[in-house]
1. If I take every Cα pair under 8 Å that is 6 or more residues apart in chain A, average their sequence separation and divide by the length, what percent do I get for the relative contact order?
2. In whole percent, what relative contact order does the stretch B:207-294 give with Cα contacts below 8 Å and a gap of six or more residues?
3. Which whole number gives the average count of other chain Cβ atoms within 10 Å of the Cβ atoms across peptide B:101-110?
4. Report, in deg cm²/dmol and to the nearest 500, the calculated mean residue ellipticity at 222 nm for chain A, where each DSSP H run with n ≥ 4 adds -39500 (n - 2.57) and the sum is divided by the residue count.
5. Taking only C-alpha pairs under 8 Å that are 6+ residues apart, what is the relative contact order of the stretch A:406-477 in percent?
6. So if R0 is 35 Å, what FRET efficiency would A:Asp328 and B:Lys191 give, r being the distance between their Cβ atoms, rounded to the nearest 0.05?
7. Counting other C-beta atoms within 10 Å, which of A:Phe240, A:Phe209 has the fewest, and how do the rest follow?
8. Using the 7 Å Cα-to-Cβ label point, sort the distances from B:Glu404 to its equivalents in the other copies shortest first and give them in nm to one decimal.
Number of protein chains: 2
Amino acid sequence: MAQQKKMVEAITSRDVDFAKWYTDIVKKAELVDYSGVKGCMVIRPHGYAIWENIQKDLDRRFKETGHENVYMPMFIPESLLQREKDHVEGFAPECAWVTIGGSETLNERLCIRPTSETLFCEHYAKIVNSYRDLPKLYNQWCSVVRWEKTTRPFLRTSEFLWQEGHTLHETEEEAREETLRMLNVYIDFYKETLAIPVVAGRKTEKEKFAGAMDTYTIEPMMHNGVALQGGTSHYFGDGFARSFDITFTGRDNTLQYPFQTSWGVSTRMIGAIIMVHGDDDGLVLPPKIAPIQVAVIPIAQKKEGVLDQAAQLRSRLLDAGLRVKLDDSDKAPGWKFSQYEMLGVPVRIEIGPKDIENNQCVLVKRNTREKLVVSLDNLETAVADALSHIHDEMYNAALKNLEEKTFTATSHEEFLDTAKNHPGFIRAMWCGDSACEDQLKDETGGVKSRCIPFVEEHLADTCVCCGKPAKYMVCWGRQY
Amino acid sequence: MAQQKKMVEAITSRDVDFAKWYTDIVKKAELVDYSGVKGCMVIRPHGYAIWENIQKDLDRRFKETGHENVYMPMFIPESLLQREKDHVEGFAPECAWVTIGGSETLNERLCIRPTSETLFCEHYAKIVNSYRDLPKLYNQWCSVVRWEKTTRPFLRTSEFLWQEGHTLHETEEEAREETLRMLNVYIDFYKETLAIPVVAGRKTEKEKFAGAMDTYTIEPMMHNGVALQGGTSHYFGDGFARSFDITFTGRDNTLQYPFQTSWGVSTRMIGAIIMVHGDDDGLVLPPKIAPIQVAVIPIAQKKEGVLDQAAQLRSRLLDAGLRVKLDDSDKAPGWKFSQYEMLGVPVRIEIGPKDIENNQCVLVKRNTREKLVVSLDNLETAVADALSHIHDEMYNAALKNLEEKTFTATSHEEFLDTAKNHPGFIRAMWCGDSACEDQLKDETGGVKSRCIPFVEEHLADTCVCCGKPAKYMVCWGRQY
């Protein structure tokens, strides 16, 4: 019990210091180790297994919507990056540059991709000739580099893993459909797989991606009311196509520019999982991406028959297609309970001599600590049901948090008061002028427009900042 | 038919110009496109899908042998790279260096990983404390960069994709077992999945990996008799552990250094697949990693019922778990035949009005062009059998080529004569002195020791070069 206590004490409470609580979990749940290079992280087995499960699920969704995977080089020559003016302005300040290759100084320095629009465009210009070659629906899984000043594991790192979809279409309509289709894939994925609700909408001019005509975003809310940009989908029009000379012969035999999109999500999602679902005992993982879904813990394991029975439960659950770990190490059950709680394992099964006598086991749900006595006759069904309920409960708890911490402000004063006293999102009307965004951000010390939600409401007639006629309802909030 | 002819004519014959034939396939089978950065390639959907299938298969084998995936940063600070003397000497000349990050010159330049021993060591030093923490069985899938002067798609590129396993063990014995276990995983994978036989053995001192005590290798032979280093597994002893201060408290309570291995294979394997199995009509893909295993081609598809029947065959084969493509585009069947031959699709199914009348279809094997008339009643079995036979036939054809092009030389003269006139491997005795390796390489213009095979034979008493007493039989050959 001493060891168990020590582990639990080692975590800062979520409500006392959210930032420290986050860092503690990241380390104690063995998700990440810091590396010798500033802002770069080692993703450890438990963290990487979460990422693999995320990849598997998303990759299936991408392929079901007709996308193919490719791999582009990690280097972008400076001249290529400069081909699209807005794009280079947005990314140049964050670039890492290779200037020496094989002991020779390069004639032209190479940027390590911060994102790969330019590389996809260069390739598309070569392979697209006719409307018959369209659409091109490509995606790649890779690492990208953005030289960040302040870094935090998963949330903001100089190197991170992500996927970036890049597509090319015959018409504006098709490209716009694709932009929203992929945003919806993200929304579904967050809900169905990560058990995270999001606010979805369009970014304001000021918050758009460098070079995009429209940027759409999903914004989950962390437990403390702060937003995390959870994924974006961009519509580029034919701007990149013009800059990179991508043309095709249309159905009417004229030369045309195609329309383009890109969309991406990253390892940052693991940060969202931690901050939406985690608690004072550690990680709480959504069952669909948990590397271990069920931990089987034998009680009084030296008693005859206990380990045998535990091993049987393990193999029954494996046969049912679940990811299971039996911990038969010589550590105390209490230590094991804490350990698998820290790792976020959704279901714990305890099995001891008395349980065996009664043909039962004890099932403990990580999210609610609910204990269920389960007959061994219907173990598989009980565990499957528990995992399914856990997912729903986690989603509903996150939704409740989102709803409780979403406020409405109809006056400037109310906006400032809410921003000061109530962590969370603020719904408020806006005139459309970015000067008002700047002013609100300054006055509140960081509250920014998250998005213009797809679901709009008419809360008032005037902009919450300047009082001029309002154009949009905006969802505002602080962000990671 | 004009289009079909044009496609076929566009490929250089394998026997006329092997290098050009290779490049033609790489382009025509849409595996790769060149990028604007010297030596970096765009891996296109067909090429990347092959890589994904390779990954899936190997990753399963790694996990079955107890390994876990992680992700290390792509940057290695210069001082970290320099910690192991032999290692840095081997890799420094090929490094790409980042000197500027976020518009500031870095205090210490960062190498983009050419391989990650140093990063794993830095991490292991932090997380390993006791014998209870061992073994550590880690693997990572990533891209690495080695600044190459002469590059060729898949075979030698400045950036390539690979996996690198890095493991740490309590004893030398365990680490040596791991080194050979993983070499055997590669041997099995080449045979069972890629249908490629290899010569396996130990590298000579001269050909060892920088920093390794022993390097083991698998060497498949390409159709033209040239070797490709197909994968390596290294035993490091405790050399890296000492350089990086990795210690653990042993069972006897003393501080000890652990023993280490690393092992890797890369996208270069796709080059081997092309050069071992390909022919004058294009790629020939081993069924297990073919992105499309069966192409269904309707004949006279405008005739009533043909497309329906073709779609039925497609869905029956999909249900049987196969990767199937139905090509119902308006191109001529002949063009389609050529196209899927070029892409290396193992099985083609032709279905036309006459076939439907006779409740049959025509099955064509890519490797032998054998045509089988198959009753629709046992379509699934017939296709599964064909795929299985194709794999075996491809393996046997490659084995025949390897055996026919493996020669024995027992005198210096015979060695030089064989090297000059018979492309392939030469088995010959060697004294163990690297001066003899140098001399043979110079005299033959590039024939090097591939390995000291696990299966040794006593061909003669003396070294084929210097005439001194022989220690080993070596397999020699030119390499890519």
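No lab work stands behind these numbers, since they all come straight from the coordinates. Only a predicted model underlies this, so the values are computations on that prediction, with no experimental measurement involved. Virtual Cβ from ideal backbone geometry, glycine too; neighbours counted across all protein chains shown.
1. Numbers: 960 pairs, mean separation 66.3, N = 480.
Dividing the mean separation by the residue count of chain A yields 14 percent.
2. Details: 120 pairs, mean separation 20.7, N = 88.
About 24 percent, as a whole number.
3. On the way: counts 13, 11, 6, 1, 2, 5, 0, 2, 3, 6.
Counting other chains' Cβ atoms within 10 Å and averaging over B:101-110 gives 5.
4. Details: 15 runs with 173 residues, N = 480.
The per-residue figure over chain A is -11000 deg cm²/dmol.
5. Details: 135 pairs, mean separation 28.8, N = 72.
Normalised by residue count, the contact order of the stretch A:406-477 is 40 percent.
6. On the way: r = 36 Å, r/R0 = 1.03.
Using R0 = 35 Å, I get an efficiency of 0.45.
7. Numbers: A:Phe240 27, A:Phe209 24.
Lowest count first: A:Phe209, A:Phe240.
8. 7.7
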